Amino acid sequence: MYKIAVAGTGYVGLVAGVCFAEVGHQVTCVDIDKKKVEIMKSGISPIYEEGLEELMQKNNAAGRIDYTTDYQSAYKDADAIFIGVGTPEQPDGSANLSFIATVARQIAESVVKDCLVVVKSTVPVGTNDKVEQFIKDFLINDVKVEVASNPEFLAQGSAVHDTLHAERIIIGTESKQAEHLLMKIYEPFHLPIVSVSRRSAEMIKYASNDFLALKISYMNDIANLCELVGADIQDVAKGMSFDERIGSKFLNAGIGFGGSCFPKDTKALEYIARQNGYELKTVKAAIGVNNEQKTMLYKKASKRLITFNGLKVAVLGLTFKPGTDDLREAASLENVPLLLEQGANIFAYDPVGAENFAKVHPEGRGGRGSITYVSNIEHALEGANVCFIFTEWGEVKAVTPEKYKALMRTPLVYDGRNIYRVDKMQEAGVEYHSIGRKSTIREVLKESKNLELQNS
Ligand code: UDX
């Protein structure tokens, strides 16, 4: 078993640290945030991630994991130091590497024995060559430090499971010793390991994420066309999925991809290509489709309603996907301001994301409208004129078509996640619009005197 330090306790770092401890390594997680360190020491996870807290408590109690702000003591005699700090997107699409640089400097000033630095954060191809040189330039002691690439493929909401049962571990090294050590560290996981060069490993991360983003944008593009030609995107996806070359995953059309990875990594790879004098046309197209997709439902609704002014608008789901409290690049963040600007009185429900959302849009007046957070879906729907579904939470899926009809003042639903069957909504008397499928007959709302509808 090895002595491992992990820099950064976000989704990538903390989950990696806890899983290394779980398989028996001795782990120290380093973060600059004192409060966060204290919380983690007491067995509380600073992020919402299924199964993480249980594993933290188990490994805290077993003494296999500790948390500290004292990077020097954590790094000085570690066999391997994993870096899992953020590489946020900059306005030009490039990755901000300042957090990595800070950690690299701290490592150079702390290590007293030979060690392997393993970069888990997503970094532009070639960055780890530079990180290695940077550390060497600032080394205080006469020790050998190598840098390896070990990109992370976990998805939020299933991060622990994805780490312990990963489909593959990618390791990118430039020496046999580094490759051997990483193989040994991962041995107790019993997972397939793909060992390549450092640059190829860095590229695998971007190429994988951007391929998935492309797949989603492609389906959204086809979905928009389905609506125009009278086809159904879910039937189309089902038919496609039987072809093993296409596969059945990531074929769900919706209001676009969000989160901390796809939007950032598509822009970053497009930027890397541009820097190298190459135009990455496919990825560029995926970004373009996604940008338009996010407000697709709002645009549809704006055509249908003369105004949102003074209407009660139920918003179900705020996070970028279910199972996480993360709002990064969520469709809600684009649509809510548009609705507020148009004078909508929003009643928003999200089982875990409301608190974070309220930091961006505090409860009360906003734009020409207002926003209220409710902990109960019924309260959002009661007397509502319109409902937007942005996240397919289980709690939202559990709402029956009849409930919309019974609770809403005018049962008009815009579903960005294709949760319901169109015929069931039609039968229940709900006017229902989704992505890439037929809408219910518009007659449903004909009798309503409460809503001004356009004939379009
Ligand atoms: C993703 C990758 O899955 C993971 O391998 C990588 O390490 C980080 O990025 P994550 O961002 O947590 O993980 O979420 P994911 O489940 O992949 O979904 C990303 C976005 O795509 C979400 O907004 C989701 O709603 C959307 N999506 C996903 C679709 O619109 N349709 C789909 O079929 C699948």
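Nothing in this text is a laboratory measurement; each read-out follows from the coordinates by a stated rule. Not measured: the values here are computed from a predicted model. All Cβ positions, glycine included, derive from the backbone under ideal geometry; neighbour counts span all protein chains shown.
Can you list the equivalent-ellipsoid semi-axes of the range 1-48, largest first and in whole Å, using the square root of 5 times each Cα gyration tensor eigenvalue? Before the final figure, lay out each step's value.
Values: eigenvalues 62, 23, 19 Å².
Its equivalent ellipsoid spans semi-axes of 18, 11, 10 Å.
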Calculate how steeply helix 198-229 sits against the longest principal axis of the alpha-carbon atoms of the chain, using the helix alpha-carbon long axis, and give the answer as 0 to 90 degrees to the nearest 10.
-> 10 degrees
Please compute the Cα-Cα pair-distance distribution of the range 296-445 with 5 Å bins starting at 0, giving whole percents from short to long.
-> 2, 10, 21, 26, 22, 13, 5, 1
Give the Rg (one decimal place) followed by the Dmax (whole number) of the range 291-378, computed from C-alpha coordinates and expressed in Å.
-> 12.3, 35
Can you tell me the dipole magnitude for the range 220-342 around its Cα centre, using point charges on the Cβ only (Lys, Arg +1; Asp, Glu -1), in Debye to the nearest 20?
-> 220 debye
List every residue whose amide H lies under 5 Å from the amide H of I169, counting only residues 5 or more places away in sequence or on a different chain, with H placed 1.01 Å from N in the peptide plane.
-> I193, V194
Considering only Q57, N345, A301, whose Cα is most displaced toward the positive end of the charge dipole of the chain, charges sitting on Cβ of Lys, Arg (+1) and Asp, Glu (-1)?
-> A301
With the dipole of the chain worked out from charges on the C-beta (+1 for Lys and Arg, -1 for Asp and Glu) around the Cα centre, which of L228, F138, T69 lies farthest toward the positive end?
-> L228
Compute the signed sum of charges (Lys and Arg +1, Asp and Glu -1) over the other residues within less than 12 Å, Cβ to Cβ, of V23.
-> 0
All lysines inside 20 Å of K136 as judged from Cα atoms, apart from same-chain residues fewer than 8 positions distant = K76, K113, K120, K144, K176
Give me the log10 of I(q) over I(0) for the range 303-343 at q = 0.17 Å⁻¹, as the Debye formula computes it from C-alpha points; what are the numbers?
-> -0.53
If amide H atoms are built 1.01 Å from N in the plane of the peptide, which residues on other chains or at least 5 residues away come under 5 Å of the amide H of I83?
-> A7, V118, V119, K120, S121
0 to 90° range, to nearest 10: angle between helix 176-186 axis and the chain longest Cα axis = 50 degrees
With the cut-off at 14 Å, report for the range 259-326 the share of all Cα pairs above it, as a whole percent.
-> 72 percent
Helix axis angle, 262-275 relative to the chain longest principal axis, alpha carbon, degrees | 60 degrees
The chain, dipole about Cα centre (Lys/Arg Cβ +1, Asp/Glu Cβ -1), debye to the nearest 20 = 860 debye
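Return the Rg/Rh ratio of the chain with Cα-based radii and a Kirkwood Rh.
Working: Rg = 24.4 Å, Rh = 23.8 Å.
Result: Rg/Rh = 1.02.
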Which whole number of Å³ per residue matches the convex hull of the alpha-carbon atoms in the range 205-293?
-> 99 Å³
Expected vector for the range 380-397, Karplus 3J(HN,Hα) from phi with 6.51, -1.76, 1.60 and θ = phi - 60°, integer Hz, x for Gly and Pro, equals 5, 7, 4, x, 6, 8, 9, 10, 10, 10, 10, 9, 8, 4, x, 5, 6, 4
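Explain nothing, just the number: dipole magnitude of the range 3-196 about its Cα centre with +1 on each Lys and Arg Cβ and -1 on each Asp and Glu Cβ, in debye rounded to the nearest 20.
The calculation lands at about 340 debye.
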Working from the pairwise distances between different alpha carbons, so that the mean of 1/r is found and then inverted, what is the range 3-196's Kirkwood radius in Å?
-> 16.6 Å
For the range 31-39, what does the Karplus curve 6.51 cos²θ - 1.76 cosθ + 1.60, with θ = phi - 60°, yield as ³J(HN,Hα) per residue in whole Hz, taken in order and with x for Gly and Pro?
-> 9, 7, 8, 4, 5, 4, 4, 4, 4
